[in-house]
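Engineer: First the structure, which I've put down as structure tokens, then a few questions once you've had a look.
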Amino acid sequence: MLVPFFIMLREGMEAALIVGIVAGYLSRTGRSRWLPAAWAGAGLAALLCLVLGIALEQASAEFPQKAQELFESLVGLIAVVLLTSMVFWMRKAARSIGTGLRQSVDAALSSDRSGLALVGMVFLAVGREGLESVFFLLAAFQQDVGLAAPLGAVLGLVCAVLVGWAIYRGSLKLDLGRFFRWTGVFIIFVAAGLLSGALRSLHEAGLWNGLQQIAFDLSDVLPVDGPVGAVLAGLLGYHDTPSLGEVIVYLAYLVPVLTLFWIQGIGVRPAVARDSTSSS
């Protein structure tokens, strides 16, 4: 439940930040009449991502067992790629996201079909976040059967909408630079767990049989079905008896990606926070 909550909180915050900057810029420049077009673009992106997620989930339910394992591994791999690109993109774009969005708004409204262009611009910007969320939630729901994961995702999205609205209205000052930095670190750990889980699914699908010897056995000390083990499994992809391949994949992703992410952020000032709050 916690992983879907935090992921949807971050993804929702990114989407809310995008919409908030666009809406704030339109209001400050006397172009509030175009606000419905911005809301329409965001709503269409959310609707399309919802339909895509439901369609993929229903389609996977019809697969035979091995095909389901293969589907889970592919979804996990796609989620890792999208989540990794997302945290690095936000880290790099933090200082210029507001400027870029305002330039895109000006370009859209200067075109012949201003309304459609603005709808399309917001649709693509919000759709990026939604697409990432779709594949992550598919991976999370397959690893966490029950109502906890969907409930966590919904709560995270609701909190993101409320925080985004408060920032847009100017009633909440939040250090978004620090927020995205630490949630980015968390997401990298989550992605490492998804990657090792994808390797496990490939083995269960019969497509990967190498490095299957048990790396270590913590089932007596920290069982995965215990309270602490279950939390660690949900947050970090912990497994009490991982194979050697899973450990290698986990560390081979985590160490370099986390190092590069931290190095990229050295000297980056939290301009996102100033940019977003000044747009309201």
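The values are calculated or read from the model by the stated rules, or taken from the named source; none is laboratory data. This is a predicted model, so every value here is computed, not measured. Quick reminder, even Gly has a Cβ in these numbers, built from the backbone with ideal geometry, and neighbours come from all protein chains shown.
Engineer: Restricting region 176-206 to residues that are closer than 15 Å to F88 by Cα and among the charged types (D, E, K, R), which is modelled with the lowest pLDDT?
Structural biologist: Residue satisfying both the conditions and the ranking: R178.
Engineer: Right, another one. Does T241 satisfy the condition of being at pLDDT 80 or above, assigned to a helix (DSSP H, G or I) and surrounded by fewer than 16 Cβ atoms within 10 Å (Cβ to Cβ)?
Structural biologist: So T241 does not fit the description; no.
Engineer: From the set of residues in region 122-171 that are hydroxyl-bearing (S, T, Y) and over 12 Å from P4 (Cα atoms), which is modelled with the highest pLDDT?
Structural biologist: Ranking the candidates gives Y168 first.
Engineer: Between a first residue in region 116-140 that is without any contact (Cβ under 8 Å) to a residue 40 or more places away in the chain and a second residue that is assigned to a helix (DSSP H, G or I), which pairs have beta carbons less than 6 Å apart while being 6 or more apart in sequence or on different chains?
Structural biologist: Sorted first by the residue in region 116-140, then by its partner, the pairs are A117/A108.
Here is a yes/no grid of residues against (1) at pLDDT 80 or above; (2) buried (at least 18 other Cβ atoms within 10 Å of the Cβ); (3) over 28 Å from V185 (Cα atoms):
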| residue | (1), (2), (3) |
| --- | --- |
| I7 | no, yes, no |
| E14 | no, yes, no |
| V19 | yes, yes, no |
| S27 | yes, no, yes |
| L35 | yes, no, yes |
| A40 | yes, no, yes |
| L48 | yes, no, yes |
